[in-house]
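I have placed the structure first, in the form of structure tokens, so that the comments after it can refer back to it.
The values are calculated or read from the model by the stated rules, or taken from the named source; none is laboratory data. On a predicted model such as this, the values are computed, not experimentally measured, just so you know. Glycine also receives a Cβ, built like all others from the backbone with ideal geometry; neighbour counts cover every protein chain displayed.
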Amino acid sequence: MFGITPSARLRPSPFFEATLAEGVTAFTTYNHMLMPTAFGDPETEYWRLLKGVSQWDVAVERQVQLKGPDAGRLAQILAPRDLSGQQVGQGKYVPLCNHEGVLINDPICLKLADDLYWLSIADSNIWFWAGSIAAERKLRVEVSEPDVSPMALQGPKAEDVVANVCGDWVRSLKYFWFREASIEGIPVVVQRSGWSKQGGFEIYLRDGTQGTRLWTIFKEAGRAYDIGPGGPNWCERVESGLVSYGGDTDTTTNPFEVRMGKYVNLDVPDDTIGIAALRRIAAEGPRRHTLGIVLDAGGPVRPGFLWNPLYRDGRKVGDLTNCIFSYRLHKNIGFALVSRECKVGDRLEARIGGSMQAGTLTELPFI
Ligand code: THG
């Protein structure tokens, strides 16, 4: 057993005390914070997410706030997806790229007002990036990190729990749409979203002193639905084909290589960062693509530190970026970031630890 040295660099989640009380057994690091990843039994957490409702501390998904008359301009400069039709109350999933077209984050962009946006970010520092772009381009916008911390309710019964707490209006929210609300006086934003394909909501807490209270309100409301703690679920997300920025991407990956091409619009304004590179990559065709792979091995394999090399006929053709034993398929499945010449049905070998594991490329999602 080991501890964690407190420091100002490690930012606390408002839900930290609540997840300790729930019996959290493992964390990962993300945006200089700790995110709970396990509460004892992964299979229990998996089936709870598939059949009931699971409660997640995802405060690590920090908000980068853009505020001012040029907030919308800055959002469009950062995101190579057409945001011109985005409405107040609507969220959009946007790849962010650098000038070379390399993916540097994949936030949800929330438009709270014409002059107010949040980028709900994955694990990289977009506050630095957005602030320096705004200054260099002399935009009238303030870039900050507000006191906002998301908590997710995921699973087929999440809607009943959230409706119970917030009211039936949540049932008519469309995917990624949101509304500002107050729960027993606690200011929140309620959005239909979350990193699973089981459906659900995220409650963005806007007062970091109220984490335990907010957690408890949903825990109590969820009691009738057998709610329990969980976190972004590795097995479910691989089965569902959800790509993780930083997990399934490296420092050269562009959106087309990781199934995010549908979120890129090549006709965005020319001053959008990375768009020239993305137009060129789209014209030439990306070098790699992401497929599924099903290993032959029967029992669960231990993938170790991931990004295991993949070979076809003895030649390296890419990487197995993740691998997990699927509780529904009863097979080891993963994502293969491989050269474009590799096709569904191809037989590859993964070097995992000291052994070679054979497998077959498949379409995504698995389920
Ligand atoms: N919640 C919030 N912020 C986040 C995440 C989150 N920021 C970082 C990271 N997660 C963003 N990544 C994703 C990736 C995919 C989806 C959500 C967040 C997602 N995708 C759907 C799909 O792939 O089918 C739908 C996307 C669409 O078609 O628009 O849900 O979890 N607050």
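Listing for the model above:
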read-out: Residue in region 180-197 that is out of contact with any strand residue (DSSP E or B) (no Cβ under 7 Å at 6 or more places or on another chain) and within 16 Å of the ligand (Cβ to nearest atom) present; value: yes
read-out: Residue list for region 219-231, filter: buried (at least 24 other Cβ atoms within 10 Å of the Cβ) and either within 20 Å of Ala26 (Cα to Cα) or within 16 Å of the ligand (Cβ to nearest atom) (or both); value: Gly230, Gly231
read-out: Listing of strands (runs of 3 or more DSSP E) fully contained in region 129-205 that carry 1 or more residues being surrounded by fewer than 19 Cβ atoms within 10 Å (Cβ to Cβ) and not charged (D, E, K, R); value: 142-144, 178-183, 186-192
read-out: One residue from Gly89, Gly23 being farther than 30 Å from Thr272 by Cβ and either touching a Phe, Trp or Tyr at 6+ places or on another chain (Cβ under 6 Å) or in contact (Cβ under 8 Å) with a residue 12 or more places away in the chain (or both); value: Gly23
read-out: Residue ID - nearest to Asp160 (Cα to Cα), chosen from residues in region 55-94 that are more than 11 Å from the ligand (Cβ to nearest atom) and touching a helix residue (DSSP H, G or I) at 6+ places or on another chain (Cβ under 7 Å); value: Gln55
read-out: Matching residues, region 49-85, being crowded, with 20+ Cβ neighbours inside 10 Å, charged (D, E, K, R) and more than 17 Å from Glu202 (Cα to Cα); value: Arg81
read-out: Members of region 314-346 found to be in contact with a Ser or Thr (Cβ under 6 Å, 6 or more places away or on another chain) and under 20 Å from Gly299 (Cβ atoms), listed by number; value: Ile333
read-out: So Thr25, is it under 22 Å from the mean Cα position of the chain (by Cα), among the polar types (S, T, N, Q) and more than 16 Å from the ligand (Cβ to nearest atom); value: yes
read-out: Single condition Thr290 does not satisfy, out of (1) in contact with a strand residue (DSSP E or B) (Cβ under 6 Å, 6 or more places away or on another chain); (2) closer than 20 Å to Leu361 by Cα; (3) more than 14 Å from the ligand (Cβ to nearest atom); value: (3)
read-out: Residues (in contact with a strand residue (DSSP E or B) (Cβ under 6 Å, 6 or more places away or on another chain), surrounded by fewer than 21 Cβ atoms within 10 Å (Cβ to Cβ) and at positive phi) located in region 293-326; value: Leu306, Trp307
read-out: Pair list, Cβ < 6 Å and 6+ apart or interchain, from region 237-253 residues that are closer than 19 Å to Pro42 by Cα to residues that are hydroxyl-bearing (Ser, Thr, Tyr) and surrounded by 16 or more Cβ atoms within 10 Å (Cβ to Cβ); value: Glu239/Ser326
read-out: Test result for Leu278, in a helix (DSSP H, G or I), crowded, with 16+ Cβ neighbours inside 10 Å, modelled with pLDDT of 95 or more and in contact with a Pro (Cβ under 7 Å, 6 or more places away or on another chain); value: yes
read-out: Filter result (closer than 26 Å to Asn254 by Cα and buried (at least 20 other Cβ atoms within 10 Å of the Cβ)) within region 327-341; value: Ile333, Gly334, Phe335, Ala336, Leu337, Val338
read-out: So Ala113, is it crowded, with 19+ Cβ neighbours inside 10 Å and either more than 15 Å from the ligand (Cβ to nearest atom) or among the hydrophobic types (A, V, I, L, M, F, W, C) (or both); value: no
read-out: Lone qualifier among Arg206, Arg179, Arg192 - being in contact (Cβ under 8 Å) with a residue 60 or more places away in the chain, in contact with a Leu (Cβ under 9 Å, 6 or more places away or on another chain) and not acidic (Asp, Glu); value: Arg179
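This table checks each residue for (1) of a type outside the set (Lys, Arg); (2) at pLDDT 95 or above; (3) in a strand (DSSP E or B).
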residue	(1), (2), (3)
Trp56	yes, yes, yes
Gln65	yes, yes, yes
Arg73	no, yes, no
Val88	yes, yes, no
Gly91	yes, yes, yes
Leu110	yes, yes, yes
Trp118	yes, yes, yes
